[in-house]
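Have a look at the structure below, then the notes.
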Amino acid sequence: MIKVDNIKKRFGEEEILKGISTVFHKGKTNLIIGQSGSGKTVMLKCLLGLFKPEEGLIYYEEKAIQHMNEEQQRDLREEIGMLFQGGALFDSMNIEENVMFPLRMFTKQKKSEMLDRVNEVLSRVNLEGVNKKYPAEISGGMQKRVSIARAIVNRPKYLFCDEPNSGLDPKTATVIDNLIQEITHEFDITTVVVTHDMNSVMEIGENIVFLKNGVLVWQGNNTDIFNTDNVDVTDFVYSSDLFKKIREIQLKER
Amino acid sequence: MTGYIEDIGSYFLMLKRTFGSFTKRSVLKELILKEIDDLIIGSLGIVVFISFFVGGVISIQTALNVSNPIIPKSLIGFATRQSIILEFAPTFMSIIMAGKVGSFITSSIGSMRVTEQIDALEVMGINSLNYLVFPKIIALLCFPFVIALAMFIGICGGLLAGVYGGFITYTDFTAGLQEDFEPFHLVYAFIKTFVFAFILATVPSWQGYYMKGGALEVGKASTNSFVWTSVLIILANFIITQLLLS
């Protein structure tokens, strides 16, 4: 569980996050959604400790990240897996080395044990036989899956995903969404996904936080979001023609 | 002006972080060996090529400008040795390396910044500066070997060009090489080389690490890296020469 208590983040004069408080639940896929510029990525980077909020606290279980010393923060980071927007795989390493990287850095396992674990997670994300390939030699969807494998190889307690579907076709995007949700339930971890993709919201939104101009304006799940009267949310949800049609059908049925 | 002061501050903060929170020793060892391969071994070809021909040119130009019969021919060997040991090998080879090695360092770290690979390291709890920059600093401690090679090849180039160009005999050239030899000049040259190696490892790393933007900015950062590394090498050369030789 991650608890966010009234965090504020400024860049110069501009206040990006204006006092956000919420809870991200364990064993659920928690989504942060909102339009571009709403503060989603800044919030994610605050959660990760890459940005320090000027005010407010972020609790991992019972302990605030701001009250942790450097060693405690390093220990916490070993419990975090992260899926970056572009995958962020290391170009100079092959797939096997990329996935093995957290194990090499943080464990004292033998190489054969690490290889077994790498093959196990690669098979979990349905990627086999690509161990010796380099990131540039595989597709974008495969890179995302390798990135998920790297994120979960060290059995993290927390999984963060920044726009996991960007640049992917709808079918591959659904595969990635389902994989994230399955992993969340299977390993009972706290997953936080930043997205503005409505398909992801529908597929995996078990706890959705909606941001607008750095303010949390709505929170609910993927059923509630289609029934809310919050104007900001409905503007965002029904901005595409497809969802407008769905809305019309829903209203007629009512 | 405040921008420059901020840059200097962030450079020294980078150095402080580079020498803190060390990466796992076994991983660091591999990284250092890889950097030695990329930065040192990978540069030997160009170093040998440039040194050989520049040594030859120094020898020929000195010979063509020494037409007075009172001046001994051995001056050609002497001038070649002094030019190569004092300036060409340590200083100008370092500037050439700023173009080759410096641009490589900036573009590789800059690309990692753009593609969030540095963020990935930080999120994992790894001190990205120690992981990326420290191995480069250690690898470039081997830079004096490159400069020693440049001195040797440069003098060989001068000897071959002088002798086979018909400007001087082998005996005169080697006599010139040994004339008034000051061992301290070698010490001076290698002290300079260590300082230049540190600049070569850290300034391009700083440019790449703190760059912002996309692919175009990586190119700009590489150019800036070459300019600033060269400027700092020239300034350091002046200061060290003042301190050690004047």
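The values are calculated or read from the model by the stated rules, or taken from the named source; none is laboratory data. Predicted, not measured: the structure shown is a model, and the values here were computed from it. Please note: Cβ atoms are built from the backbone with ideal geometry, for glycine as well, and neighbour counts cover all protein chains shown. To get the accessible areas, we keep the full protein, side chains included, count just its heavy atoms, and leave off ligands, DNA and RNA. Shrake-Rupley method; radii C 1.70, N 1.55, O 1.52, S 1.80 Å.
Details
- Interface residues, segment B:124-151 - accessible area loss of 20 Å² or more versus chain alone, probe 1.4 Å: B:124, B:125, B:126, B:131
- Accessible area of residue B:2 in the full protein assembly, 1.4 Å probe (Å², nearest 10): 100
- Subset of B:34/B:136; A:40/A:157; A:63/A:108 violating a 18 Å alpha-carbon distance limit: A:40/A:157; A:63/A:108
- Alpha carbon Rg of segment B:24-245, scaled by the compact-globule rule 2.2 N^0.38 Å: 1.19
- Counted over chain A, the DSSP beta bridges are approximately 55% antiparallel.
- Shown for segment A:94-155: the carbon plus sulfur share of the solvent-accessible area, taken with all protein chains present and a 1.4 angstrom probe, equals 46%.
- Volume per residue of the C-alpha convex hull in the protein assembly as shown, rounded to whole Å³: 187
- Accessible surface computed residue by residue for segment A:94-155, with neighbouring protein chains in place and a 1.4 Å probe, gives 46 Å² per residue.
- Placing +1 on each Lys and Arg Cβ and -1 on each Asp and Glu Cβ, with no other charges, gives the protein assembly as shown a dipole about its Cα centre of roughly 500 debye.
- Calculated [θ] (222 nm, deg cm²/dmol) that DSSP helices of n ≥ 4 give over the protein assembly as shown, each run adding -39,500 (n - 2.57): -18000 deg cm²/dmol
- Whole-percent carbon and sulfur share, accessible surface of chain B, 1.4 Å: 72
- Buried solvent-accessible surface, both chains (A, B), 1.4 Å probe, Å² to nearest 100: 1800
- Estimated FRET transfer efficiency when R0 is 56 angstrom, pair residue B:87-residue A:79 (beta carbons, to 0.05): 0.55
- Probe 1.4 Å, protein heavy atoms only - accessible area per residue of segment B:23-161 in square angstrom: 38
- Beta-bridge orientation, the protein assembly as shown: approximately 55 percent antiparallel, per DSSP, counting only bridges with both partners inside.
- Selected from B:164, A:141, B:33, residue furthest toward positive end of dipole (the protein assembly as shown; charges at beta carbon): B:164
- Cα-based Rg / Dmax (Å) for segment A:111-173: 12.3, 37
- Long hydrophobic helices in chain B: the complete DSSP H runs spanning 20 Å or more by Cα along their own axis with mean Kyte-Doolittle hydropathy of at least -1.0 are B:2-18, B:44-65, B:143-164, B:183-209, B:215-245.
- Solvent-accessible ranking of A:239, B:94, B:10, largest area first, probe 1.4 Å: A:239, B:10, B:94
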